[in-house]
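**Student:** What follows is a structure written as structure tokens; I'll ask about it next.
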Amino acid sequence: MHKPLNTPLPSISVLRCFEAAARHESFTDAAQELGMTQGALSRQVKELENHVGSALFLREGRGVRLSQAGRLLAQQVGADLDALRATITRAIAGGADREVLTIAAPPTFAARWLVPRLKAFKATRPALELYVLSRSEPFDLLTEKVDVAIHFGQGNWPGAAITPLCPENLVAVAAPSLIPKGSPLSAEVCLDLPLLHNANRTGLWPDFLAPLGPDPQPLRTGSYFDQISLIISAAVAGMGAAILPTYLIEDELRSGALVKLAPVQIDTTDAYYIARPSGLRNALAKDFGDWLRKQVSTPLKRQQG
């Protein structure tokens, strides 16, 4: 039966206990994280189960696992608690008459392209309070109170106004030590090098080298990584050639730690986009989006110089 909207909500302490227990699927580990006894945590979880009228955990021997209801609730509670923390933090900042801007971006893009440029933007607004969030999965802009998000993929995001930021600009690169002395820098060189693969986009190398006519099966051998930051580290260490976005390896290309072998032209519509919550008029978010687009054509060295 649907409860009326004025039904009292569970306490924050109850929700924190459930979130920790769900994340660990262990009352013992959750209690240790929160600095309380297992019995106390178990009572808080039981209170939530009574509130929702359903078992949230299934007891198995000395352990527990989430029930279907518990799994559905856990998916939302963690994000809601994070959003509440961010809202309270912004309220504290707003109380000091500061401008507040919450930005979200993929982790590697945030660390290697966005954050090194933020000092220049903040210099134009000394009172600005920035909150930078990062994860690979898309954010819920409204629920998580994100003003501006950088999104990689297709130019669609439900509930968001999307504007293009920049293409992916992929390039094949390798550490100089891997390239045979006297060899021209070209796609052909890659055929003789070990290859580093993006585990989430395994077709990059076969698609790139297909025009050269090699058997595609050997092109899938090599080392696989699930994060672009790991591929960059492996390439710099000389583990193999990699296909990477130029925006994420500016420092390595400038220092010579990586050299370009050839531009990568493959059939993809993936790109970087700026996303803002639809229908919300946030002048600061718009200004930041405009500034971001200008940064695409501004090398980082020029900014810092």
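Read-outs throughout are calculated quantities, based only on the coordinates presented, and are distinct from any laboratory measurement. Predicted model only: the values in this text are computed from it and were never measured. So basically every Cβ, Gly included, is an ideal-geometry build from the backbone, and we count neighbours across all protein chains shown.
**Student:** Within straight cross-link reach of LYS294, meaning Cα distance under 18 Å, which lysines are found once same-chain residues fewer than 8 apart are removed?
**Tutor:** LYS119, LYS122, LYS286
**Student:** I want to verify the translational diffusion coefficient of the chain in µm²/s; compute it with Stokes-Einstein, Rh as the Kirkwood radius over Cα pairs, at 37 °C and 0.692 mPa s.
**Tutor:** On the way: Rh = 22.8 Å.
In µm²/s, the coefficient rounds to 144.
**Student:** Please compute the net charge surrounding PHE152, taking Lys and Arg as +1 and Asp and Glu as -1 over other residues with Cβ under 9 Å from its Cβ.
**Tutor:** Values: positive: none; negative: GLU168, ASP270.
Net local charge, PHE152 excluded: -2.
**Student:** Considering only the chain, what is the antiparallel percent among its DSSP beta bridges, to the nearest 5?
**Tutor:** For the chain, the DSSP antiparallel bridge percentage is about 65.
**Student:** While we're here: Among 79-87, 137-145, what's the highest-first ranking by average C-beta atoms within 10 angstrom per residue? Spell out each step's value before the answer.
**Tutor:** Values: 79-87: 14.2, 137-145: 16.4.
For the peptides 79-87, 137-145, the packing ranking is 137-145, 79-87.
**Student:** Just want the ordering: TRP291, TRP113, from fewest to most Cβ atoms lying within 10 Å of their own Cβ. Kindly include the intermediate steps, with their values, before the conclusion.
**Tutor:** Working: TRP291 14, TRP113 23.
Ranked by crowding around the Cβ, least crowded first: TRP291, TRP113.
**Student:** Choose one answer from ALA271, ALA174, ALA120: the residue with the largest mean-square fluctuation in a GNM of the chain with alpha-carbon springs under 10 Å.
**Tutor:** ALA120
**Student:** Another question about this same structure. Using only Cα atoms, find the angle between the long axis of helix 38-52 and the longest principal axis of the chain, and express it within 0 to 90 degrees, rounded to the nearest 10.
**Tutor:** For 38-52 against the chain, the angle is about 80 degrees.
**Student:** Only Cα pairs within less than 10 Å get springs; with that Gaussian network setup on the chain, which residue of ILE150, ILE266, ILE274 has the largest fluctuation?
**Tutor:** Comparing ILE150, ILE266, ILE274 in a Gaussian network model of the chain, the most mobile one is ILE266.
**Student:** Only bridges with both residues in region 170-263 count here: give the DSSP antiparallel percent, nearest 5. It would help to have the intermediate numbers written out before the result.
**Tutor:** Working: 8 of 12 bridges.
Given both bridge residues lie in region 170-263, the antiparallel proportion sits at roughly 65 percent.
**Student:** For the Cα atoms of the chain, what angle does the longest principal axis make with the long axis of helix 283-295, in degrees from 0 to 90, nearest 10?
**Tutor:** So the helix axis and the longest Cα principal axis differ by about 20 degrees.
**Student:** Could you grab the relative contact order for region 170-263? Cα pairs under 8 Å, six or more apart, rounded to a whole percent. Could the numbers behind the result be given before it?
**Tutor:** On the way: 146 pairs, mean separation 48.5, N = 94.
Result for region 170-263 is 52 percent.
**Student:** Expressed as a rounded percentage, what relative contact order does region 12-77 have, with Cα pairs under 8 Å and six or more residues apart?
**Tutor:** Working: 72 pairs, mean separation 22.4, N = 66.
Rounded, it is 34 percent for region 12-77.
**Student:** Additional query: Normalising by the residue count of the chain, find the relative contact order in percent from Cα pairs under 8 Å and 6+ residues apart.
**Tutor:** On the way: 429 pairs, mean separation 59.1, N = 305.
Dividing the mean separation by the residue count of the chain yields 19 percent.
**Student:** So, one more: Give me the net charge for the shell around GLU137: Cβ to Cβ below 15 angstrom, other residues only, Lys and Arg +1, Asp and Glu -1.
**Tutor:** Working: positive: ARG135; negative: ASP82, ASP140, GLU144, ASP226.
Residues near GLU137 contribute -3 overall.
**Student:** Test of understanding: what is the full-extension gain from ARG135 to GLN265, defined as 0.36 nm times their sequence separation minus their Cα-Cα distance? Working shown, then result.
**Tutor:** Working: separation 130, 0.36 × 130 = 46.80 nm, distance 2.72 nm.
Using 0.36 nm per residue and subtracting the Cα-Cα distance, I get 44.1 nm.
**Student:** I would also like to ask the following. Counting only other residues whose beta carbon sits under 11 Å from that of VAL173, what net charge do I get with K and R as +1, D and E as -1? Walk me through the numbers before you get to the answer.
**Tutor:** Numbers: positive: LYS260; negative: GLU252.
After counting each charged neighbour, the total is 0.
**Student:** Report the charge-dipole magnitude of the chain in Debye, nearest 20, computed about the Cα centre from +1 at each Lys and Arg Cβ and -1 at each Asp and Glu Cβ. Write down the numbers at each step before the final one.
**Tutor:** Details: 31 positive and 29 negative charges, 150 e Å.
That gives a dipole near 720 debye.
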